[in-house]
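K.L.:
For reference, the structure I am asking about is given below.
The values are calculated or read from the model by the stated rules, or taken from the named source; none is laboratory data. Since the structure is predicted, the reported quantities are computational estimates derived from the model, not experimental observations. Note that we place each Cβ from the backbone using ideal geometry, even for glycine, and neighbour counts take in every protein chain shown.
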Amino acid sequence: MLSCSGTAANVSTRPSDDPNSVVQNFLRSLQGSNLGGNQQSSQGSYDKPFTSLPELLNTATTASFLKTASPAQIDSMCAFLPPSIFLLAQESASSLESTEPSPEAGQAAIEALSAEQKREILERVLRSPQLHQSLGSLTVALRDGGLPMIGEALGIHVENGGLMKGGSMPLGGGEAVEKFLEGVKRSADKDSRSQG
């Protein structure tokens with residue numbers, strides 16, 4: 001009886017424990033003993049653990065980057081936002097008249113703002129719940145097999161078109177998120193080289 005493992009002995013000697021906690025303790029003990037020992041390749045059913053976009057682009061990370069960003073980086077980020085945000089920031093009458101301002105009007109509004117005003121607008125956008133919801137939705141879409149379509153729609157070159165090597169099935173799970181981020185990094189590196 002004493003030759004049983006510690007976990008099995010604990011389970012059998014404490015019948016009054018809640019069954020859920022007993023099962024959870026047992027699973028934790030199995031998980032601890034199998035760390036690194038039973039992982040399958042990415043082509044099996046194993047889901048590679050990888051961060052989500054909201055975790056990666058959390059407010060603490062983005063706010064600290066924004067504080068140290070150069071004016072050129074700030075302007076580059078502003079170019080990705082809808083022009084109406086900058087028109088509203090200036091409380092322009094023309095922003096209320098038309099539903100979709102022209103790119104020229106948006107660019108003029110961006111140029112009219114000081115670097116500090118642009119930084120404040122970007123910080124509000126990066127802290128907005130809408131952005132974090134969108135990042136969460138994008139993560140789910142990537143994990144659920146949307147990498148090929150998302151990469152194509154955003155003009156991001158992803159390895160093997162976002163498909164499993166040697167197959168026609170889209171990548172999913174954490175591996176899809178990782179390949180998407182690698183594609184984003186490659187695109188950013190390519191853009192910075194072409195500008196430099």
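K.L.:
Scan Ala115, Ala176 and give me the residue that is surrounded by 14 or more Cβ atoms within 10 Å (Cβ to Cβ) and of a type outside the set (S, T, N, Q).
P.N.:
Among Ala115, Ala176, only Ala176 is surrounded by 14 or more Cβ atoms within 10 Å (Cβ to Cβ) and of a type outside the set (S, T, N, Q).
K.L.:
Could you check the range 47-69 and list, in sequence order, the residues that are of a type in the set (Phe, Trp, Tyr) and farther than 23 Å from Glu120 by Cβ?
P.N.:
Selection gives Phe50 alone.
K.L.:
Does the range 135-150 hold any residues that are surrounded by fewer than 19 Cβ atoms within 10 Å (Cβ to Cβ), within 16 Å of Asp47 (Cα to Cα) and in contact (Cβ under 8 Å) with a residue 24 or more places away in the chain, and which are they?
P.N.:
Asp144, Gly145
K.L.:
Can you tell me which of Arg186, Arg124 is among the charged types (D, E, K, R) and over 19 Å from Thr51 (Cα atoms)?
P.N.:
When all the criteria are applied, what remains is Arg124.
K.L.:
Would you confirm whether or not the range 133-144 contains a residue that is under 30 Å from Lys67 (Cα atoms), charged (D, E, K, R), touching a Ser or Thr at 6+ places or on another chain (Cβ under 9 Å) and not assigned by TED's automatic domain parsing to the domain that holds Gln73?
P.N.:
Checked the range 133-144: no residue is under 30 Å from Lys67 (Cα atoms), charged (D, E, K, R), touching a Ser or Thr at 6+ places or on another chain (Cβ under 9 Å) and not assigned by TED's automatic domain parsing to the domain that holds Gln73.
K.L.:
Only one of these is closer than 21 Å to Leu66 by Cβ, at pLDDT below 90 and of a type outside the set (A, V, I, L, M): Gln130, Gln117, Gln195. Name it.
P.N.:
After ruling out the rest, the residue left standing is Gln195.
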